[in-house]
Amino acid sequence: MSKTKLSEAMRNIGIIATVQVPNEQHILRVVKALVDGGIRAVELAYSTIRSAGWLIQSLKESGLLVGIGAVTRSAQAREAGVFGADFITASVTTPDVVSACEEMKIPCILSGLSPTEVWRAHEMAADFVKITAAEALGGPPYIRSLRETLPALQLVGADMPLDGYIPYLEAGAEVLEFRSSLELPRLVEQEAWAEISRRASMIVSTRDGWRAKNG
């Protein structure tokens, strides 16, 4: 799939579930539960694939988009690309990672906090800019203000709450990332696979319902 089509697929899917669990052996089971709930894009940490790069191809066989996050260097991005990552999320604003992703023809998400960082990420030609700590910065009104200042931005809302995230879509965020609200470490410990699927289903169905009404 081309970089353009991957970016389009990410916008259409609109939801990324970040999978962080204490034991790598649980990743496949967790992702299956998320997929059962309708999730179609997941992100793993770079530290995870360093010792288990085979996970990317294994997950992609299910039709998922698989991204690698917590990347800070171009070498890490290239390693993830070799394993088959569909997109890269950098936890910093760095042009080297953008360049590596461009070479590999996969989308790059840079992370930013302040308007200046977000603007720099945009100027570096990041495909998406993830707004970290969006809630602390004012929530949807902050997203809206960024869109008004830089209308060409493609924004990712980071670590969204399980409920009440529709205002972020209304403010102009194209993609929403869910992490702490999924409570995966706790639910994995309890082997609460059905609850993981329920949370995923709630997120996806709410977003799909909003999109159906708003086009």
Review point. Between the stretch 78-116 and the stretch 165-215, what is the C-alpha centre distance in whole Å?
Key: 24
Revision key, fill the gap. One can check that the equivalent ellipsoid of the stretch 112-215, built from the alpha-carbon gyration tensor with semi-axes equal to the square roots of five times its eigenvalues, has lengths in Å, largest first, of 27, 16, 11
**Study point:** Under-5 Å amide H pairs with residue 15, H placed in peptide plane, nonlocal only
**Key:** 176
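Under a point-charge model restricted to the Cβ atoms of Lys and Arg (+1) and Asp and Glu (-1), what is the dipole moment magnitude of the stretch 124-215 relative to its Cα centre, in debye to the nearest 20?
Dipole magnitude for the stretch 124-215 comes out near 240 debye.
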Review point. Over the Cα atoms of the chain, what Rg and Dmax result, in angstrom?
Key: 16.1, 45
Study note, to complete from the structure: Straight-line reach check, residue 105, cutoff 29 Å on alpha carbons, 8 or more apart in-chain or any other chain, hits among lysines -> 3, 5, 32, 60, 130
Check your understanding: Each residue of the stretch 121-138 in order: what ³J(HN,Hα) in whole Hz does its phi give by Karplus 6.51 cos²θ - 1.76 cosθ + 1.60, θ = phi - 60°, with x for Gly and Pro?
Key -> 4, 5, 5, 7, 6, 5, 6, 9, 10, 8, 8, 7, 6, 4, 4, 5, 8, x
Review point. So which GluC sites (Glu not before Pro) in the stretch 1-85 are both in a DSSP loop and have at most 12 other Cβ atoms within 10 Å of their Cβ?
Key: 61
Revision key, fill the gap. The correct ranking of 123, 177 by accessible area at 1.4 Å, largest first, is 123, 177
Revision key, fill the gap. Ratio for the stretch 96-157, C-alpha Rg to 2.2 N^0.38 Å, reads 1.10
Exercise for review: Give the Debye-formula value of log10 I(q)/I(0) at each listed q (0.13, 0.18, 0.21 Å⁻¹), with one equal scatterer per alpha carbon of the stretch 9-76, two decimals each.
Suggested key: -0.34, -0.65, -0.88
Check your understanding: Accessible area per residue, 1.4 Å probe, Å², for the stretch 10-122: what's the number?
Key -> 42
Revision key, fill the gap. Taking every other residue with Cβ under 15 Å from the Cβ of residue 209 and scoring Lys and Arg +1, Asp and Glu -1, one gets 0
Point to revise | Computed label-point distance, nm, for sites residue 60 and residue 72 using a 7 Å Cα→Cβ extension | key: 2.7
Exercise for review: Enumerate the calculated ³J(HN,Hα) couplings along the stretch 157-167 in order (Karplus 6.51 cos²θ - 1.76 cosθ + 1.60, θ = phi - 60°), each rounded to whole Hz, writing x wherever the residue is Gly or Pro.
Suggested key: x, 8, 6, 6, x, 5, 10, x, 9, 4, x
Exercise for review: Can you tell me the relative contact order of the chain? Whole percent, Cα pairs under 8 Å, sequence separation 6 or more.
Suggested key: 22
Point to revise | Lys, Arg +1 and Asp, Glu -1 on Cβ, resulting dipole of the chain about Cα centre, debye, nearest 20 | key: 300
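Taking only DSSP H segments of four or more residues, each worth -39500 (n - 2.57), what value at 222 nm results for the chain once the sum is divided by all its residues, to the nearest 500 deg cm²/dmol? Walk me through the numbers before you get to the answer.
Working: 11 runs with 107 residues, N = 215.
The per-residue figure over the chain is -14500 deg cm²/dmol.
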**Study point:** For residue 118, net neighbour charge (Lys/Arg +1, Asp/Glu -1) across residues whose Cβ lies under 12 Å away
**Key:** +1
Practice item. Run the accessible area of the chain with a 1.4 Å probe and give the carbon-and-sulfur part as a rounded percent. Key: 50
Exercise for review: Run the 1.4 Å probe and let me know the accessible area of residue 124, rounded to the nearest 10 Å².
Suggested key: 60
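The values are calculated or read from the model by the stated rules, or taken from the named source; none is laboratory data. Everything numeric here is computed off the predicted structure, so don't read it as measured data. Cβ coordinates were reconstructed from backbone atoms using ideal geometry, including for glycine residues, and neighbour counts include every protein chain displayed. Calculation scope for accessible area: heavy atoms of the full protein, side chains included, ligands and nucleic acids excluded. Shrake-Rupley method; radii C 1.70, N 1.55, O 1.52, S 1.80 Å.
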